[in-house]
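Trainee: First the structure, then my questions, so here it is.
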Amino acid sequence: MAFGKFFKRAREKRLSMRTKLILSLSSIAVILLVSLSISVMEYSGMSDYVSDLIADDISSINVANRLADMSNTYNLQILEVIGDETSVRVPSFDDEYFKSHCDSLRSSVPSNQVKPLADSVMYSYSAYMLTSLELEDVLQSDFIDSRSWYFERLQPRYDRLRTDLGALSEAIYQDLAKNSATFEGGFYRSIIPGIVAVGVGLLLVVMLLSFLLAFYVNPLYRMLDGLDAYRSRDKKYSVKFDGDDQLAQLNEGISELANENRQLRSRIKTMGKK
């Protein structure tokens, strides 16, 4: 008796078919969501890396523009001194700032095109600055025409420096455009297919769960309820549902057995009364 009660409690604690199906399909959904989370995390890591590259490119463009402005201002100041024949003031230039920031461009932008262009800028800058240091001697000399010196010696070197700075800025712009395209392309390659795949997978899980519940689980529960009513309350087994598969055949067989059993009981009762 005690064993029978224990078996009954264990059977009641056993998971139902509906619960098993829901748990199994829910586990599939969880796996899909975890896969999506991993995809999002990988994209976040890649986007952070590319974002840093884009930020470095923007900073490098600002530095290159600042160096170009410094050179242009210095060159205009020299031209102003040349135009003012009474002035012997030599303009000042932050040589350390220019060299340090030009050197930083070589390391901040990993593009192979930037490094040789930065070297070209340093070479043309050195040639320009070396020529500009002649300004004081030119102003003090009675034999050198300062305007000829400026336009024939200094200005060509400045034009070379300005051209190299422009080429450096253009290379950094190209690297920025490439990183931006990589960022945008990586988004669609990494996120959109993952979202579509997970969305389709979840939709299939929901559709499969609905199909199983509608065509298999719910009819089984109705059959069990009908059998329980037949056994405990002696009601007629009258469960019916659409279908032509093995489950419908099983339901027809149970219905026939239940009806035959009811007829047998009725005969037994009739015979007992006689």
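The values are calculated or read from the model by the stated rules, or taken from the named source; none is laboratory data. The structure presented is a predicted model; accordingly, all values stated were derived computationally and were not measured. Because the Cβ atoms are built from the backbone with ideal geometry, glycine has one as well, and the counts that use them run over all protein chains shown.
Trainee: Go through (1) touching a helix residue (DSSP H, G or I) at 6+ places or on another chain (Cβ under 8 Å); (2) at pLDDT below 70; (3) farther than 21 Å from LEU165 by Cβ; (4) outside any helix (DSSP H, G or I) for SER111 and report which single condition fails.
Mentor: (3)
Trainee: Go through the stretch 208-228 and give me each residue that's in contact (Cβ under 8 Å) with a residue 60 or more places away in the chain and within 13 Å of LEU25 (Cβ to Cβ).
Mentor: Of everything in the stretch 208-228, those that are in contact (Cβ under 8 Å) with a residue 60 or more places away in the chain and within 13 Å of LEU25 (Cβ to Cβ) turn out to be LEU208, LEU209, LEU212, LEU213, VAL217.
Trainee: Next up: Please go through the stretch 116-153 and give me each residue that is in contact with a Phe, Trp or Tyr (Cβ under 8 Å, 6 or more places away or on another chain) and not hydrophobic (A, V, I, L, M, F, W, C), ordered by number.
Mentor: If the condition is that a residue be in contact with a Phe, Trp or Tyr (Cβ under 8 Å, 6 or more places away or on another chain) and not hydrophobic (A, V, I, L, M, F, W, C), then TYR125, TYR128, SER132, GLU134 are the ones that fit.
Trainee: Next question, about the same structure. (1) of a type in the set (Asp, Glu); (2) in a helix (DSSP H, G or I); (3) at pLDDT below 90: which one isn't true of ASP142, the others all being true?
Mentor: Going through the list (1) of a type in the set (Asp, Glu); (2) in a helix (DSSP H, G or I); (3) at pLDDT below 90, ASP142 breaks only (2).
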